[in-house]
1. Which of the residues spanning the range 12-35 are more than 10 Å from the chain's Cα centre (by Cα) and surrounded by 22 or more Cβ atoms within 10 Å (Cβ to Cβ)?
2. Among the numbered criteria (1) in a loop (DSSP other than H, G, I, E, B); (2) surrounded by 14 or more Cβ atoms within 10 Å (Cβ to Cβ); (3) not small (Gly, Ala, Ser), which one does Asp85 miss?
3. Out of everything in the range 102-127 that is farther than 22 Å from Ile6 by Cβ and in contact with a helix residue (DSSP H, G or I) (Cβ under 8 Å, 6 or more places away or on another chain), what residue ends up being surrounded by the most Cβ atoms within 10 Å (Cβ to Cβ)?
4. Please work out which residue is farthest from Leu59 (Cα to Cα), limiting yourself to the range 102-127 and to residues that are in contact with a strand residue (DSSP E or B) (Cβ under 8 Å, 6 or more places away or on another chain) and part of a loop (DSSP other than H, G, I, E, B).
5. If the Cβ limit is 9 Å and pairs must be 6+ apart or interchain, which residue in the range 6-22 that is under 16 Å from Pro113 (Cα atoms) and in contact (Cβ under 8 Å) with a residue 12 or more places away in the chain pairs with which residue that is in a loop (DSSP other than H, G, I, E, B) and of a type in the set (Ser, Thr, Tyr)?
6. Is the range 68-80 home to any residue that is of a type in the set (D, E, K, R), part of a strand (DSSP E or B) and free of Cβ contacts under 8 Å to residues at least 40 places away in the same chain?
Amino acid sequence: MKRTIIRSDRAPGAVGPYSQAVASGGLIFCSGQIPFVPGTKEFIAGGVEEQATQCLDNLSAVLEEAGGSLATALKVTIYLTDMADFGAVNAVYAAYFTDEPPARLCVEVSALPLGARIEIDAIGIAG
């Protein structure tokens, strides 16, 4: 089975030895997206709502680069450093996944890369 590395200029580049996504067998395996503004190594200004929006925009760009979209996501995982942010993040998430949302897991973790409050990854279907 062929393995294709996915890179999108519309999403932040990897900050370590990993790819933004890997596609194989019609599936897209996306690495976690933290709330970096593309083209920078800076978090988006604002609170957790803005950060969740940036994470989902970044994830969308990566999926689209592989021929998918948020609408073709099968499974999404949200990592939060504070579960008190769940309601605000859930409201943002609901605006992106209005019809037939994917399976999802949301967990609280002790820390995320570079001090992020949120990270989101996904598995989706390629075009």
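Every read-out reported here was derived from the displayed coordinates using simple, explicitly stated rules and does not represent laboratory data. Keep in mind that what you see is a predicted model, and the values were worked out from it rather than measured. Virtual Cβ from ideal backbone geometry, glycine too; neighbours counted across all protein chains shown.
1. If the condition is that a residue be more than 10 Å from the chain's Cα centre (by Cα) and surrounded by 22 or more Cβ atoms within 10 Å (Cβ to Cβ), then Pro12, Ala21, Ala23, Ile28 are the ones that fit.
2. It fails just one condition, (1).
3. Result: Arg117.
4. Among those that are in contact with a strand residue (DSSP E or B) (Cβ under 8 Å, 6 or more places away or on another chain) and part of a loop (DSSP other than H, G, I, E, B), it is Val109.
5. Qualifying pairs under 9 Å: Pro12/Thr40; Gln20/Ser8.
6. Scanning the range 68-80 turns up no residue that is of a type in the set (D, E, K, R), part of a strand (DSSP E or B) and free of Cβ contacts under 8 Å to residues at least 40 places away in the same chain.
Each row is one residue, and each column tells you yes or no for (1) more than 14 Å from the chain's Cα centre (by Cα); (2) of a type in the set (A, V, I, L, M).
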| position | (1), (2) |
| --- | --- |
| Gly46 | yes, no |
| Cys55 | no, no |
| Val62 | no, yes |
| Gly68 | no, no |
| Gly87 | yes, no |
